[in-house]
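To start, the structure itself, in structure tokens.
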Amino acid sequence: MAYFRSVMNVICSALIFALAGVLVKLVSADMDTLSLVFWRNLFSFLCVAMAGVFSGKFSFKSERKGTHALRSLFTFFALLTYFFAV
């Protein structure tokens with residue numbers, strides 16, 4: 001049963017990622033790249049926060065704040081280049 005749930009999570013995540021790509025393609029005609037990255041990050045944060053709140057595991061506690069900041073910086077630049085390419 002856990003295997004089925006894992007597979008369904010991967011499928012749902014792939015579908016949502018594809019849908020996000022389509023939405024970026026549609027909206028990119030009217031918005032600049034920085035605005036797209038901002039709204040994508042805000043939407044992703046809200047989705048993850050809601051999932052964390054509903055599961056009861058939402059917390060900002062971390063022993064690796066510097067690593068998280070570095071990851072967010074690389075993600076920002078990766079999204080900039082991806083949205084610019086789209």
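Odds and ends about this structure:
- In a fully extended conformation the segment linking M50 and L19 would gain 9.2 nm over its present Cα-Cα distance, using 0.36 nm per residue.
- Computed magnitude of the charge dipole of the range 29-86 (debye, nearest 20; Cβ of K, R +1, Cβ of D, E -1): 380
- Volume in Å³ per residue [convex hull over Cα atoms, computed for the chain]: 121
- Pair M1, L42: separation of 7 Å Cα→Cβ label points (nm): 4.0
- Candidates F17, F54, F45, ranked by Gaussian network fluctuation over the chain, Cα under 10 Å, top entry: F54
- Fluctuation leader among T75, T67, T33 - the chain, Gaussian network, Cα springs under 10 angstrom: T67
- Extension gain, S62-S28: 0.36 nm per intervening residue step, less the Cα-Cα distance, totals 8.8 nm.
- Between 0 and 90°, nearest 10: helix 2-27 axis offset from the chain longest Cα axis: 20
- Principal-axis tilt of helix 33-55 within the chain, Cα atoms, nearest 10 degrees: 10
- Across the range 30-76, counting alpha-carbon atoms alone, Rg and Dmax equal 13.1, 40 Å.
No lab work stands behind these numbers, since they all come straight from the coordinates. Computed from a prediction, not measured in an experiment: that's the story for all the values here. Neighbour counts are summed over all protein chains in view; Cβ atoms, including those assigned to glycine, are modelled from backbone coordinates with ideal geometry.
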